[in-house]
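**Q** Have a look at the structure that comes next, please.
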Amino acid sequence: MSDEAIYKTFGRAVATRRKELDLTQAELAGRAGMSRASIANIESGRQNVLLHHVYGLATALEFAKVSDLLPTQPKPATQEDLDMILSDDTITARGKAQITDLIANALAQRGATKAGS
């Protein structure tokens, strides 16, 4: 999931819960110790959120756990997923193995790059 998608998903979760609790952006801002403009920017996915603000928002939105507010990470591809992708009968077993290795290495490098960011 890209950084932009994470912030947009997080913002939608904040907005959805705020509306469920029948709060205005200003009321939520007061509860969380933030400005109304920050809440508006968070809800639209335009503002990066500091960790202490995530905790403040989770408390203000009456979540039992902070993690209930966070977007879930997409599940990495499994071997079964790769097997389905490589089900073309025209590809040799060796070719499938090479493609599987390439995909697995690319996914691992991508994960390592994102983890280091």
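**Q** Test of understanding: among Leu21, Leu57, Leu51, which residue is without any contact (Cβ under 8 Å) to a residue 40 or more places away in the chain and not assigned by TED's automatic domain parsing to the domain that holds Leu107? Can you show your working first?
**A** Details: Leu21 fails: without any contact (Cβ under 8 Å) to a residue 40 or more places away in the chain; Leu57 fails: without any contact (Cβ under 8 Å) to a residue 40 or more places away in the chain.
Matching residue, one of Leu21, Leu57, Leu51: Leu51.
**Q** If you don't mind, there's one more thing I want to ask. Any residue at all in the stretch 63-79 that is over 30 Å from Leu102 (Cα atoms), touching a Gly at 6+ places or on another chain (Cβ under 6 Å) and at pLDDT below 95? First the steps, then the outcome.
**A** So in the stretch 63-79, the residues over 30 Å from Leu102 (Cα atoms) come out as 63-70.
Of the ones still in play, those that are also touching a Gly at 6+ places or on another chain (Cβ under 6 Å) are none.
No, the stretch 63-79 has no match at all.
**Q** If you don't mind, another one. Within the stretch 8-37, can you find the residues that are modelled with pLDDT of 95 or more and hydrophobic (A, V, I, L, M, F, W, C)?
**A** Matches in the stretch 8-37: Val14, Ala15, Leu21, Leu23, Ala26, Leu28, Ala29, Ala32, Met34, Ala37.
**Q** Of all residues in the stretch 45-62, how many are of a type in the set (S, T, N, Q) and modelled with pLDDT under 95? Before the answer, list the steps.
**A** From the stretch 45-62, those of a type in the set (S, T, N, Q) are 47-48, 59; that's our starting set.
Now drop any that are not modelled with pLDDT under 95, which leaves 47-48.
Number satisfying all stated conditions: 2.
The values are calculated or read from the model by the stated rules, or taken from the named source; none is laboratory data. Keep in mind that this is a model prediction, so the values were computed, not measured. Every residue, glycine as well, gets a Cβ built from its backbone with ideal geometry; the counts of neighbours run over all protein chains shown.
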